[in-house]
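Note sheet for the following structure.
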Amino acid sequence: MADDPETEVMSHVNRAILVVEDEKPIADTIVYALRTEGFVPHWAAALGAARAILAAETVALVILDVGLPDGNGFDFCREIRTKYPVPVIFLTARSGEVDRVVGLELGADDYVAKPFSPRELTARVRAVLRRSESVPLAVGGKTPSVAGPWSHDSAKCRIAYRGAPLDLTRNEYRLLATLVAAPGRVFSRDQLMHAAWDDPGAAMDRTVDAHIKTLRAKLRAAAPEADPIETHRGMGYSLREET
Ligand code: CA
């Protein structure tokens, strides 16, 4: 298996996964699938137990159900975001929940709609972990492309600004990659939506705005004095041309 790049990557990362799901048969399926793939799942049937596990363990990722006996996953995701830099994958039961995960910026890294196959879920877990793995951009893989202060490694789906790697969700990454490809060019919301969303028809303008907002917050964290995304009223967004 040493020549399997996936195994190679995964061997370096923390494999503990917190599974927050109150329906035991579903939780059992998830725990079994994760264990089969070499992860170390910790199951919590309620938010209280999930908090205790997060306080005691360093987990690499959280799989989070929405409807739980002592609260809801949306609020808990916000709570996690204030305390831990851990990626979150939502398990959603209804299309209304999917809309909230996608439309409202909760900081979720991905979601899987019930019913899902264990294989689909573990594939998402691996993909999110690959993205969030904090490997310096220039190490391994192909050389990232550089445009002014931006460094974009498309092989690893990673973007760095002024040397600071950004921890981006899938749609944030795709949106920013579009802007980085042409600094100075103004993209309409419609263009950005088509570039960043698999199903742009389901997204709304404010979804682009919401993602621009979270991107700006992440860029502020990386470079507090810079504000590289420019708003063009009635037109869209561009990246400031910097050298
Ligand atoms: Ca539930």
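Before moving on, here are some points about what is shown:
- Single match in L176, L168, L215 (criterion: assigned to a loop (DSSP other than H, G, I, E, B) and at pLDDT 90 or above): L168
- When R81, R51 are screened for being of a type in the set (K, R), at pLDDT 90 or above and in a helix (DSSP H, G or I), only R51 passes.
- The range 218-243: number of residues that are exposed (fewer than 14 other Cβ atoms within 10 Å of the Cβ), at pLDDT below 90 and not in a loop (DSSP other than H, G, I, E, B): 1
- Selection count, the range 11-44, where residues are outside any helix (DSSP H, G or I) and either within 16 Å of the ligand (Cβ to nearest atom) or among the basic types (K, R) (or both): 9
- Residue count for the range 78-94, restricted to those that are away from the ligand (no atom under 11 Å from the Cβ) and under 14 Å from E21 (Cβ atoms): 3.
- Picking from residues in the range 87-116 that are outside any loop (DSSP other than H, G, I, E, B) and surrounded by fewer than 16 Cβ atoms within 10 Å (Cβ to Cβ), the one that is modelled with the highest pLDDT is A113.
- For the range 54-69, the candidate set comprises residues that are assigned to a loop (DSSP other than H, G, I, E, B) and not polar (S, T, N, Q); within that set, the residue that is surrounded by the fewest Cβ atoms within 10 Å (Cβ to Cβ) is P69.
- Subset of the range 45-77 that is within 16 Å of the chain's Cα centre (by Cα) and β-branched (V, I, T) - its residue that is farthest from the ligand (Cβ to nearest atom): V59
- The residues listed here are V146, V139; of these, the one that is part of a strand (DSSP E or B), at pLDDT below 80 and out of contact with any Asp or Glu (no Cβ under 9 Å at 6 or more places or on another chain) is V146.
The values are calculated or read from the model by the stated rules, or taken from the named source; none is laboratory data. Here the structure is a predicted model, which means the values were calculated and not measured. Glycine gets a Cβ as well: all are built from the backbone with ideal geometry, and neighbour counts include every protein chain shown.
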